[in-house]
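Working notes, structure below.
The values are calculated or read from the model by the stated rules, or taken from the named source; none is laboratory data. All values derive from a computational prediction rather than experimental measurement. Quick reminder, even Gly has a Cβ in these numbers, built from the backbone with ideal geometry, and neighbours come from all protein chains shown. Each accessible area value is taken on the protein alone, full model and side chains, heavy atoms only, with ligands, DNA and RNA left out. Shrake-Rupley method; radii C 1.70, N 1.55, O 1.52, S 1.80 Å.
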Amino acid sequence: LWESVRYDAFPPFYAVLLRTFFSARTASNDVSLRIFGVVVGVGVLLSIWLVARISGSLLPILALGLLAIDPVLISEGDSIRPYGIGLLCLAWSFCAYGQLLVNPSACWLAVATVASVLEVQASYTGALFIGVLGLSSAVVTLMQGAPRKLWTVFLPGSIALLSLAPYVGPLRQAGEWVSILRYEVTWSEYLRGYIQAHSIAFPIVWLLAALAGAYSLVKLVVSVRTGLVSTRPLLIYASLAAVVGIIVQVLFVQAMGVPPFPRYFLPSLMLAAFALDLLTKELTPSIRAGAALIVLLITAWPSWSWVRQRHSNADLLGKLLGEKAGQSDLVIVSPWFLHPSFQRYYRGPAPWTTVPELPKQPLTRYDLVRNAMMDPEGENRLYGRIQRTLSDGGDIWFVSQSYPDRPTDRSMPEPPAFSGRPSGKDYVEFRSYWERSIIYRLYSCCSPIEWSLANHGSVWEEERLVLTQWRPNQAAREVK
C-alpha cells in the first residue's frame, strides 16, 4: 500500500479505511462496497444538516436542496473513491473553525484538528480548503479585534499540514510522470460538457449561488461599518470561505492544468451552500421551503436520470467474455485506462493486455504509460503477440468504448515524435495514435464480429464498453 502512494492521486487514508472494513473476499462483492458507499453518502447528508444546525440554521433545507439533489454529489460522493469521506471531513472542519469564533473551547479545537488532519489525509487538495477555512476564520478573528486568538485557528491547519510530511518523497517521485496529465483548460468547453451531461438547471442554480456569494462579499464590506462582525461572525466567516473557496479551486485547476471535472468542485460548492443557507436563515420558513422546492423541481428529473445510470458495464462484458473467449485467444483492452474495471470483473481463461501493453496493476499507472511512450519496441511486441495468437488458431477479442469503424486511411498511422520530457500534449497524441493503430492493425488482418451485451439501462459514456471478436479471412462483418 505504501509503495502505491507515489502512483496514486490520493493519500492512503481511504485505502486503509477500505482494507480495515473489508477482507479481500468481502471486497470482491460489489454489494458490500455499495453498502459502504451508501453509509458514506448518508453520513455526508447528515453532516450537512447537523453542521448547518450547529452554525445557526434551524431548517437547513436550502443547503441540502443545493447539494443533495446534485447528481455529482450522489454519484461521486457515494462511489468507492475518497470524495465522500473528504466532504464529510470538510463539513466538520467548517463547523469547528466557525465554532472557534463564537464558542472557543478545547473540545472544538480538538474537533477542528482531527477533522482537518482527516481531510488532508483523504485528499491532497483538501489542504487548499483547510487553508481557506483557516484564513477565513483568521480574518474574522482580526476583525473582532482579537489577534491573540489567532493561534487557535492556525493550530489545526498547521498540524494537518505537518501530517502530510511523510508524502513529500512520494509526491516528488510522482513529479516524474504527472507532467503527462497537463491539460489546457477551456472553461467554455467544460461548461458545455457539464450542461450536456446533466442539465442547464445545475449551472443556473449554482449561478444563483455565485450571486449569493457576491452578495455575501458586499455584505462583508458593509459589516465592517455596521458592527455585523461582532453580532454575526459566522455569516462573515461562511461568506469568506465560500467566495475564497471557489476562487482557489478555479485557480488551482488552471495552475495545475488538470481537466476540470465537476467532482473537483464539490468542496467549494458545499461551502457555498453553507453560506447561502446562513444568509437566508432569517427568511420565513415558507420562503425557504419554497426556494428549496423550486431547486428540487428544476433538478429532480436530470438528477434521477443521472444517478440511475451504471458507472460501467464491465461486469456484463467480463461475464460474456469469460464464457466465450478460449485459452488460445487474446483479449485487448483499448483505451488502456479501462483496465481497472475490466481487471476486476474478468475471470476468463484467455490472456489479456492493454494498448499500449502495460504490466498488470490494480492502479491507473501513468508512470507506466510514460514509459510506454518512450519504448517504441513495446508496440512491436504487442503486434507480434497478436500474430502468434492468430497463427495458432486463436481469435482476438477487442474491448473498446465504441465499435471500431474501418479506417479511411490506407497507410498505417505514423507514431508521434517524442519530445524528451513528455507533456499532456504528447500524451494526447500518443493515446490517439495507439487507439487508431490497433484498429488499423486489426482491420489489416481480420474482420470483426460485434457482440451485444445484455441491456441493463443506460451506462456512463466513459465506461460504456463494447466487444468485438476478430477472425482472419472473415469475408464480411457479422452482427451477433
For P416, the lone unmet condition from (1) assigned to a loop (DSSP other than H, G, I, E, B); (2) more than 31 Å from the chain's Cα centre (by Cα); (3) modelled with pLDDT of 85 or more is (2)
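Results for (1) polar (S, T, N, Q); (2) crowded, with 20+ Cβ neighbours inside 10 Å; (3) touching a Cys at 6+ places or on another chain (Cβ under 7 Å); (4) at pLDDT 95 or above, shown as yes or no for each residue.
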site	(1), (2), (3), (4)
L73	no, yes, no, no
G86	no, yes, no, no
L90	no, yes, no, yes
V102	no, no, no, no
V117	no, yes, no, yes
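Can you say whether Y366 is touching a residue at least 40 places away in the same chain (Cβ under 8 Å) and either within 16 Å of Y427 (Cβ to Cβ) or among the aromatic types (F, W, Y) (or both), as far as the supplied structure shows?
Working: touching a residue at least 40 places away in the same chain (Cβ under 8 Å): yes; either within 16 Å of Y427 (Cβ to Cβ) or among the aromatic types (F, W, Y) (or both): yes.
Judged against the criteria, Y366 is a match.
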Limited to segment 385-402, what total is found for residues that are exposed (fewer than 11 other Cβ atoms within 10 Å of the Cβ) and within 37 Å of the chain's Cα centre (by Cα)?
-> 1
Selection from segment 1-20 of residues open to solvent by 40 Å² or more (accessible area, probe 1.4 Å), within 19 Å of P340 (Cα to Cα), in contact with a helix residue (DSSP H, G or I) (Cβ under 8 Å, 6 or more places away or on another chain) and hydrophobic (A, V, I, L, M, F, W, C) yields L1
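Out of V244, V295, V258, I need the residue that is among the β-branched types (V, I, T) and closer than 23 Å to E189 by Cα. Which one?
Matching residue, one of V244, V295, V258: V258.
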What is the residue count in segment 276-325 for residues that are open to solvent by 30 Å² or more (accessible area, probe 1.4 Å), farther than 26 Å from R53 by Cα and hydroxyl-bearing (S, T, Y)?
-> 1
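Only one residue in E450, E461 is acidic (D, E), within 29 Å of the chain's Cα centre (by Cα) and surrounded by fewer than 17 Cβ atoms within 10 Å (Cβ to Cβ), so which one is that?
Details: E450 fails: within 29 Å of the chain's Cα centre (by Cα).
Only one candidate qualifies: E461.
Quick grid of which residues meet (1) open to solvent by 20 Å² or more (accessible area, probe 1.4 Å); (2) outside any loop (DSSP other than H, G, I, E, B); (3) closer than 30 Å to V31 by Cβ:
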| residue | (1), (2), (3) |
| --- | --- |
| V331 | no, yes, yes |
| L338 | no, yes, yes |
| E357 | yes, no, no |
| R370 | yes, yes, no |
| E379 | yes, yes, no |
| P407 | yes, no, no |
If we ask which residues in segment 37-46 are out of contact with any Asp or Glu (no Cβ under 8 Å at 6 or more places or on another chain) and either open to solvent by 30 Å² or more (accessible area, probe 1.4 Å) or without any contact (Cβ under 8 Å) to a residue 24 or more places away in the chain (or both), their number turns out to be 4
If we scan segment 21-29, do we find a residue that is open to solvent by 30 Å² or more (accessible area, probe 1.4 Å), touching a Gly at 6+ places or on another chain (Cβ under 9 Å) and within 23 Å of R365 (Cβ to Cβ)?
-> no
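Being at pLDDT below 80, surrounded by 15 or more Cβ atoms within 10 Å (Cβ to Cβ) and either more than 30 Å from the chain's Cα centre (by Cα) or within 21 Å of G134 (Cβ to Cβ) (or both) narrows it down to one of L228, L240, so name that one. Lay out the reasoning, then the answer.
Numbers: L240 fails: at pLDDT below 80.
Going through L228, L240 in turn, just one is at pLDDT below 80, surrounded by 15 or more Cβ atoms within 10 Å (Cβ to Cβ) and either more than 30 Å from the chain's Cα centre (by Cα) or within 21 Å of G134 (Cβ to Cβ) (or both): L228.
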